[in-house]
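Have a look at the structure below before the remarks.
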Amino acid sequence: MQTLDMAEVTLREVNSKLQAQKASTNQQTWEIVNPRGSHAIACGLDGPIEVTVLGSTGYYCGGMNKDATVHIMGSAGPGVAENMMSGKVVIEGDASQYAGATGNGGLLVIKGNASSRCGISMKGIDIVVHGNIGHMSAFMAQSGNLVVLGNAGDALGDSLYEARLFVRGEVKSLGADCIEKEMRPEHLAILADLLSQADADARPEEFRRYGSARQLYNFNIDNASAY
């Protein structure tokens, strides 16, 4: 394991070192110590490496991730895993605002709670929150899956496109054009897979599904695969 101590090296040096690791690297396991809440740790990674951050982070940790696995052994500030393309980001604590914003792919797992606007404008990312989420989560979410084992705040799924929202607890209110939908066998299968990947102790049958009523935008069912 390679260790980067942020008490001794700068953030720029940390990210440069991690970003240099490509698919052919033999230095696949990294550990960051003394993060001290620094911003933009482990951003722009582009290789199948594993990075463990021993502590809490500031904003945009794990942003633009591709292929890497980032494990935060604490809580994360705003915009964690923002615009993630693939790979996996796991947060042992809580996440602040707009976790997983604009994410195109990969899996974001939040073991604690997520604040407001979790999954805003998500574009294919899968997000599993073991706790609760705040208001305006999945606002304008386009595709992907948001799974919440706890409760959801006000205006869930406001102006939603074609993302799927699964909530086990209570939903304070639904946003514009977001409605509860039938839970079909294919949705139970999606949930079972995501819950397994996220090590979540829950059964798919305990969740309710929410999605777009498709009244706020032009939707053609023949082109559903393109949304």
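The values are calculated or read from the model by the stated rules, or taken from the named source; none is laboratory data. Since we're looking at a predicted model, the values are computed, not measured. Cβ atoms come from the backbone with ideal geometry, glycine included; neighbour counts cover every protein chain shown.
Quick look at the numbers
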{"read-out": "Tabulated pairs, segment 111-134, first on the phi < 0 side of the Ramachandran plot, second surrounded by fewer than 19 Cβ atoms within 10 Å (Cβ to Cβ) and in a strand (DSSP E or B), C-beta under 7 angstrom, 6+ apart or interchain", "value": "K123/S143"}
{"read-out": "Residue identified as farther than 25 Å from N113 by Cα, of a type in the set (V, I, T) and modelled with pLDDT under 95 among T25, T3", "value": "T25"}
{"read-out": "Options M140, M136; residue that is among the aliphatic types (A, V, I, L, M) and out of contact with any strand residue (DSSP E or B) (no Cβ under 9 Å at 6 or more places or on another chain)", "value": "M140"}
{"read-out": "In segment 168-181, the residues that are assigned to a strand (DSSP E or B) and either under 16 Å from G100 (Cβ atoms) or not β-branched (V, I, T) (or both)", "value": "L174, C178, E180, K181"}
